[in-house]
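Scroll down for the structure; my scribbles are underneath it.
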Amino acid sequence: MKLDSNNHSVFMLQYHLILCVKNRKKVIDDTISKRLKEIFEKLCPPYHIMIEEWNHDRDHVHILFRGQPNTEISKFINAYKSASSRLIKKEYPQIRECLWKEMFWSQSFCLLTPGGASAETIREYIQTQGRKDGE
C-alpha cells in the first residue's frame with residue numbers, strides 16, 4: 001500500500017503481464033530487455049503504476065507491477081507497446097530485419113492477477129524466466 005499526496009492510503013492491485021514479440025521472434029537480449037524496462041518505467045508515473053519485477057526470455061517479457069484500481073491498464077499497455085516498439089526499432093535498427101512487417105509486439109498480451117499465488121511465488125517464477133534447465 002502507498003500513500004497519496006494527502007497521506008491517504010491507496011490500494012494497489014497486482015498484475016503479471018506477459019508481452020510476446022510478434023511471431024515469437026527471438027530478438028530480446030539483456031540490452032534490449034534493459035531498454036524495454038527503462039521505457040516501461042518512464043511511462044509508469046502518469047498511470048500510477050509501480051514495477052516490482054521484470055525479466056525476459058528471447059521472445060517475451062514478464063512484468064510484475066501494481067496499479068491503482070482506477071488505473072486504465074489497457075491504455076497503459078497499448079501506450080507502452082506503441083512507444084517501446086517505435087523506440088526499439090529506431091535505436092536498434094538491426095531488429096527490423098527479424099520482424100514481420102516491422103511489428104515488434106504481438107497484438108495480444110496476457111494480463112493476470114495473482115489470485116491465490118503469493119507475490120513471492122510470482123516473483124520467483126519471473127526471476128527464473130530465460131534460464132535453461134538448472135541454470
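Annotations
- Pick from the stretch 113-132, criterion surrounded by 13 or more Cβ atoms within 10 Å (Cβ to Cβ), under 18 Å from residue 57 (Cα atoms) and not aromatic (Phe, Trp, Tyr), ranking: modelled with the lowest pLDDT: 130
- Residue tally, condition basic (Lys, Arg), loosely packed, with under 14 Cβ neighbours inside 10 Å and either free of Cβ contacts under 8 Å to residues at least 24 places away in the same chain or in a helix (DSSP H, G or I) (or both), over the stretch 14-57: 3
- Boolean, residue 77 is in a helix (DSSP H, G or I), of a type outside the set (Phe, Trp, Tyr) and farther than 19 Å from residue 23 by Cβ: yes
- From the list 88, 63, 126, the lone residue that is assigned to a helix (DSSP H, G or I) and either within 16 Å of residue 21 (Cβ to Cβ) or small (Gly, Ala, Ser) (or both) is 88.
The values are calculated or read from the model by the stated rules, or taken from the named source; none is laboratory data. These figures come from a predicted structure and were not determined experimentally. Neighbour counts are summed over all protein chains in view; Cβ atoms, including those assigned to glycine, are modelled from backbone coordinates with ideal geometry.
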